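The structure under discussion is supplied below as structure tokens; questions concerning it will follow.
What follows is calculated from the coordinates using simple rules that are stated; it is not laboratory data. Worth saying up front: this structure is predicted, and the values here are computed from it rather than measured. Heads up, the Cβs are rebuilt from the backbone with ideal geometry, glycines too, and the neighbour counts pull from every protein chain shown.
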């Protein structure tokens with residue numbers, strides 16, 4: 001899988017997460033349960049990093065709520081655009097490692 005395809009796949013998974021999380025856990029498929037567990041783990045790990053609360057807020061605004069672009073979320077959280085891009089790249093890398101897409 002090319003890097004561009006891998007990133008598009010990861011973005012789609014992050015966008016699916018809120019819809020899956022809204023449904024009762026009994027209705028989740030095995031794939032859904034793995035996805036929820038993986039995203040929950042990654043968000044917990046990200047929260048422990050430097051600037052973790054801001055990182056998680058950017059992820060929430062861009063991927064879960066889909067209310068902001070990366071640039072808009074960076075402005076809302078009061079971090080530089082380059083910092084938000086770097087944090088987003090680290091998130092994508094963490095998800096790819098967790099999913100063993102490398």
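Test of understanding: ordering 98, 65 by Cβ neighbours within 10 Å, fewest first, what list do you get?
So the residues, fewest neighbours to most, are 65, 98.
Computed FRET efficiency, Cβ-Cβ of residue 6 and residue 69, R0 22 Å: what is it to the nearest 0.05?
Efficiency, rounded to the nearest 0.05: 0.60.
Would you compute, from DSSP H runs of 4+ residues alone, the mean residue ellipticity of the chain at 222 nm, taking -39500 (n - 2.57) per run and dividing by the full residue count, rounded to the nearest 500?
The helix contribution divided over the chain gives -23500 deg cm²/dmol.
Now for a separate question. Beyond 18 Å, what percent of the Cα pairs of the chain remain?
47
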